[in-house]
Amino acid sequence: MILSVLSARASDSSSDAPQPTLKDAQDQAGQAASWVEQNWSTWLGIGLRVLLIIVIACVLRVAVRRTITRLIDRMNRTAQAVDGTALGGLLVNVERRRQRSHAIGSVLRSVASFLIMGTAALMILGTFEINLAPLLASAGVAGVAIGFGARNLVTDFLSGVFMILEDQYGVGDTIDAGVASGEVIEVGLRVTKLRGDKGEIWYVRNGEVKRIGNLSQGWATAGVDVTVRADEDLDRVKAVLAETGEAMSKTEPWNEMLWGPVEVLGLDSVLLDSMVVRMTAKTMPGKALTIERELRWRIKRAFDEAGIRIVGGVPVQVDGEQLVDPAAGVSAPSAYASTTSPQSLAAAPIPPANLAK
């Protein structure tokens, strides 16, 4: 019964509503056509401008990226031409320069793409007459918030960029970064990986590095201090040291590691029972410790053959010289060290109970 009542009311209401006619449809179609006719030129102009902006942005992006790539390739060719010469030995190797140039090229290409495509997006939004002021204000506020929240990340990134651009160090270099030291195995924009002397890997954030000591650039200095007795003949000591250094500089592979003659600088210090003679040599980067060990080895053998004594360790007895008794300067034990000695008993104010009985 209820359904019949509802259907009756619906039929009455539908009968009262005016039915659309063909003329109404024609009027609506005409209005739509006139609106399209009035605005099609505007739409076409906006579409052409958007298309032109996209085309120009893509062409400019490709041109800039190719220019950067050609510049990096030219840097690599220049490095290969220098490598193998006398000047190339003082500069970084080709592989390191190639890695550095590729890293710089990657950063430049990414920055260029971001700037070009970001500018194109803003121009497209402006073409649609969208108010960019709120968008730019929101982007500025968001950038400030992100900058405060991720300031350490931004600091690490900027420090990494400047380290790469300034070529402070590269893969294969041995550096002292303050917080850690070792051989560089990877250089990133945020983190630098070092391998320590014991094989451990250090992950050093670029923003934490306040100073860099590169031990692999240019040349290194090997220094050896030789301590001999004060009564040795200085001319004889100097002659043996100079002969040892000259023989080492003519022997392979030490002649390649030595970039200069082994020099005897002279007396570094003079004491009552000893004197120190200092030797130095300019070496290949990273080979100073190796040269020092080999030079000490050769000096010890040469001194043994020449009969020159090196100060340190157990003293060697010379013919006709008597060794001093080590206990000669030690005083006898005191009688007061024993509590049962007569001296201790006489000095004690209260004698022990067992002795008093």
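Sorting Thr227, Thr21 on solvent-accessible area from highest to lowest, probe radius 1.4 Å, gives Thr21, Thr227. Computed from backbone phi, the HN-Hα couplings of the stretch 230-237 come to 6, 9, 6, 6, 5, 5, 5, 4 Hz, rounded to whole numbers (Karplus: 6.51 cos²θ - 1.76 cosθ + 1.60, θ = phi - 60°; Gly and Pro given as x). Taking every protein chain into account, the 1.4 Å probe leaves Leu132 with about 40 Å² of accessible area, to the nearest ten.
Taking Cβ atoms as reference points and 13 Å as the exclusive limit, the residues near Trp202 contribute a net charge of -2, counting Lys and Arg as +1 and Asp and Glu as -1. Neighbours of Ser113 by Cβ distance under 13 Å: Lys/Arg scored +1, Asp/Glu scored -1, total +4. Ordering of 276-286, 105-115, 156-166 by packing is 276-286, 156-166, 105-115, highest average first (other Cβ atoms within 10 Å, averaged per residue). Could you tell me which residue out of Trp219, Val179, Ala230 lies farthest along the dipole of the stretch 115-241 toward its positive end? Charges go on the beta carbon: Lys and Arg +1, Asp and Glu -1, centred on the Cα centre. Farthest towards the positive end: Val179.
Charge tally for Ser269 (other residues, Cβ to Cβ under 13 Å; Lys, Arg +1; Asp, Glu -1): -2.
In loop segments of the stretch 177-222 as defined by DSSP, the trypsin sites (Lys or Arg not before Pro) with at most 14 further C-beta atoms inside 10 Å of their C-beta are Lys198, Lys210, Arg211.
Sorting Ile56, Ile299 by accessible area (1.4 Å probe), largest first, what list results?
Sorted descending by solvent-accessible area, the residues read Ile56, Ile299.
Residues whose amide H lies under 5 Å from that of Leu215, counting only those 5 or more places away or on a different chain, are Thr174, Ile175, Asp176; hydrogens are built 1.01 Å from N in the peptide plane. I'd like the accessible area for Asp233: 1.4 Å probe, protein heavy atoms, all chains in place, Å² to the nearest 10. For Asp233, the solvent-accessible surface is approximately 80 Å².
The values are calculated or read from the model by the stated rules, or taken from the named source; none is laboratory data. As the structure is a prediction and not an experimental result, all values here were calculated from the model. Virtual Cβ from ideal backbone geometry, glycine too; neighbours counted across all protein chains shown. Note: areas computed on protein heavy atoms with side chains; ligands, DNA, RNA excluded. Shrake-Rupley method; radii C 1.70, N 1.55, O 1.52, S 1.80 Å.
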